[in-house]
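The structure appears right after this line, and notes come after that.
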């Protein structure tokens, strides 16, 4: 699984504003788009070894939804969770918070996909 697998699943949820790793930024380092948007990452691959080589790989992914309200962020997170169901995610962990620098709310989740 790669970021390219997540991209077409998430972009329709936020009018195309889904980005790998970081939102588009202005030269001043501020977000260049209006909320809501989604950031997605695949920061980890864990390969299971067997006597004859690699058996399978567990990919860890994280999806962060940024919005003006926590309710909107959580609603979009639920839609993102439904959208990635085709990947057969396991070990889903939900969490949320507030970003003081932007004033936005974040609803996130991590999950694994075995391939």
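Every number here is computed from the coordinates shown, using simple stated rules; none is lab data. This one's a predicted model, so the numbers in the text were calculated from it and none came from an experiment.
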Completion exercise
Helix 70-83: inclination vs the chain longest Cα principal axis, degrees, rounded to 10, gives 30 degrees
Exercise for the section: For the range 13-115, calculate the relative contact order in percent as a whole number, restricting contacts to Cα pairs under 8 Å that are 6 or more residues apart. Expected result: 25 percent
Practice task
Using just the helices of the chain, give the 222 nm mean residue ellipticity in deg cm²/dmol: DSSP H runs with n ≥ 4 each add -39,500 (n - 2.57), and the total is spread over all residues, rounded to 500.
Solution key: -6000 deg cm²/dmol
Handout entry: Contact order normalised by residue count of the range 1-56, Cα under 8 Å, 6+ apart, percent
Key = 29 percent
Handout entry: Per-selection Rg to Rh, the range 3-114 - Cα, Kirkwood hydrodynamic radius
Key = 1.04
Exercise for the section: Would you mind pulling out the separation of the Cα centroids of the range 1-22 and the range 75-114, in Å? Expected result: 12 Å
